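Structure, as structure tokens:
The values are calculated or read from the model by the stated rules, or taken from the named source; none is laboratory data. What you are looking at is a predicted structure, and each value in this text was computed from that prediction instead of being measured. Note that we place each Cβ from the backbone using ideal geometry, even for glycine, and neighbour counts take in every protein chain shown. Calculation scope for accessible area: heavy atoms of the full protein, side chains included, ligands and nucleic acids excluded. Shrake-Rupley method; radii C 1.70, N 1.55, O 1.52, S 1.80 Å.
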Amino acid sequence: MARRSQNPKVLAIVLAGGEGKRLMPLTADRAKPAVPFGGIYRLIDFALSNVVNSGYLKVVVLTQYKSHSLDKHITATWRMSTLLGNYVAPVPAQQRVGKDWFLGSADAIYQSLNLMHDEKPDIVVVVGADHVYRMDFSQMVDQHVETGAGVTVAAIRQPISLADQFGVIEVDDADPRKIGQFLEKPKNPKGLADSPDEVLASMGNYVFDADVLMDAVTSDHDLDGSKHDMGGDIVPAFVDKGEGYVYDFKDNDVPGATERDRGYWRDVGTMDAYFEANMDLISIHPIFNLYNYEWPIYTNTGYLPPAKFVHGHGDRVGEALNSAVSPGVVISGGQVNGSVLAPRVKVHSYATIVDSVILDSVTVGRYATIRRAIIDKYVEVPEHTMIGIDHDHDRARGFYVSEGGIVVVGRGQKVTV
């Protein structure tokens, strides 16, 4: 294992190949990291903003499934100073070492080892691309260097009752920063010493010495029976050797954070989780604060005009309450409440939108009613249409209805009255 300098050269690898089956139909035409969120963002913007705000400006994004939308967003949005040699580069599966596409997250890194050979970093930060959170990775890197770990795994505290939904880290009795066991969705885990009702759940973010990571994924490539997964194969191998360490997310101090949003992290991998995370943003006191200007979430909304609200006579009033309204939106005599509207949405007179997420370039016709729904891009909702009122009628028209009762209309899907 190479010894590290006090100012190591860091390469960030963002794993963005997620198919996102549980977010269908939002992922029917795009990879999960490209799914819009919070009006103007894509999910990947949160991971990339965290990496960049941490001071790591050499970033590669490994993509695979339905990556065009994701590649286009990265290319148009994430531009660094080429003068200083900084970059955010999307890298598709290339079959560089055989005829297979990426067979897992570890295999994605193995097939992209040329990136590390070219950059020659001391440290590699590996992060997922589809969670909503703020994190200063430099603090995790500092701990990694201090402990001399083979791998450092970021973990968030979760109720012990939810342990069977996560990869759970049980710490070593003698050293709470060292991983004693890495358990996949355990039924009866051991609680933390300082909080018996909680466990440490893996966040899917890792720090390695570069040479150690290269050796690990190379060895894993030739290992019979491996699923070539970072959390399922690589991390347990380090734990077995006594070289796995954990970074407790509660210790991460993000500039501008408050006690309310400290430690916020959401896996928005299901439709209901995605919907609730959007709804949190527009609550009176949201847990996740988009207005932290000391740790901004970067994106690109293009050259759009400001939102416009028109008509204010009688019952023809264009207004939005308890809502997030993006640039380019026109609310023309319609009523919006408790909703998130992405750019270029148009709401016509007498339409009503309540507790919903409306994505880019959706048009809502006169007298239409939408409740507890997610409407994907380019959908035209005809006059007098009702969505989210009668779920049987919604299903009959081919709309998806989640377990929590959220109606989802797919991208460009034809809507009938």
*For the range 25-55, which residues satisfy the criterion of being charged (D, E, K, R) and either open to solvent by 10 Å² or more (accessible area, probe 1.4 Å) or at pLDDT 95 or above (or both)?*
Asp29, Lys32, Arg42, Asp45
*Determine if the range 317-327 includes at least one residue that is crowded, with 18+ Cβ neighbours inside 10 Å and either without any contact (Cβ under 8 Å) to a residue 40 or more places away in the chain or among the basic types (Lys, Arg) (or both).*
yes
_Step by step: first the residues of the range 80-92, then only those that are of a type in the set (A, V, I, L, M, F, W, C) and not in a loop (DSSP other than H, G, I, E, B), then the one that is nearest to Ala16 (Cα to Cα). Which residue is that?_
Val91
*Kindly indicate whether any position in the range 349-371 is farther than 24 Å from Val35 by Cβ, acidic (Asp, Glu), out of contact with any His (no Cβ under 9 Å at 6 or more places or on another chain) and open to solvent by 10 Å² or more (accessible area, probe 1.4 Å).*
no
*Would you check if there is a residue in the range 218-229 being under 21 Å from Asp136 (Cβ atoms) and of a type in the set (S, T, N, Q)?*
no
*Take Tyr247 and decide whether it is more than 19 Å from the chain's Cα centre (by Cα), of a type outside the set (S, T, N, Q) and assigned to a loop (DSSP other than H, G, I, E, B).*
no
*Check whether at least one residue in the range 255-265 is surrounded by fewer than 16 Cβ atoms within 10 Å (Cβ to Cβ) and more than 24 Å from Asn322 (Cα to Cα), and report yes or no.*
yes
*Are any residues in the range 160-177 buried (at least 18 other Cβ atoms within 10 Å of the Cβ) and of a type outside the set (Phe, Trp, Tyr), and if so, which ones?*
Ile160, Ala163, Gly167, Val168, Ile169, Glu170, Val171
_Which residue is modelled with the highest pLDDT, if the candidates are limited to the range 278-297 and must be in a loop (DSSP other than H, G, I, E, B) and in contact with a Leu (Cβ under 7 Å, 6 or more places away or on another chain)?_
Ile297
*Elements of type strands (runs of 3 or more DSSP E) in the range 122-167, at least 2 residues being closer than 17 Å to Asp229 by Cα*: 123-128, 151-159
*asked:* Please go through the range 56-79 and give me each residue that is part of a loop (DSSP other than H, G, I, E, B) and open to solvent by less than 50 Å² (accessible area, probe 1.4 Å), ordered by number.
replied: Tyr56, Gln64, Ser67, Trp78
*Between a first residue in the range 258-284 that is touching a residue at least 24 places away in the same chain (Cβ under 8 Å) and a second residue that is buried (at least 19 other Cβ atoms within 10 Å of the Cβ) and of a type in the set (S, T, N, Q), which pairs have beta carbons less than 7 Å apart while being 6 or more apart in sequence or on different chains?*
Ile282/Ser323
*What residue, of Gly225, Gly232, is open to solvent by 60 Å² or more (accessible area, probe 1.4 Å) and either in a helix (DSSP H, G or I) or without any contact (Cβ under 8 Å) to a residue 24 or more places away in the chain (or both)?*
Gly225
*Give me a count of the residues in the range 372-388 that are of a type outside the set (Asp, Glu) and either open to solvent by less than 10 Å² (accessible area, probe 1.4 Å) or at pLDDT below 95 (or both).*
7
*From the list Gly269, Gly263, Gly242, pick out the single residue that is in contact with a Lys or Arg (Cβ under 9 Å, 6 or more places away or on another chain), within 18 Å of Leu15 (Cβ to Cβ) and part of a loop (DSSP other than H, G, I, E, B).*
Gly269
*Every residue from the range 195-211 that is at pLDDT 95 or above and open to solvent by 10 Å² or more (accessible area, probe 1.4 Å)*: Tyr206
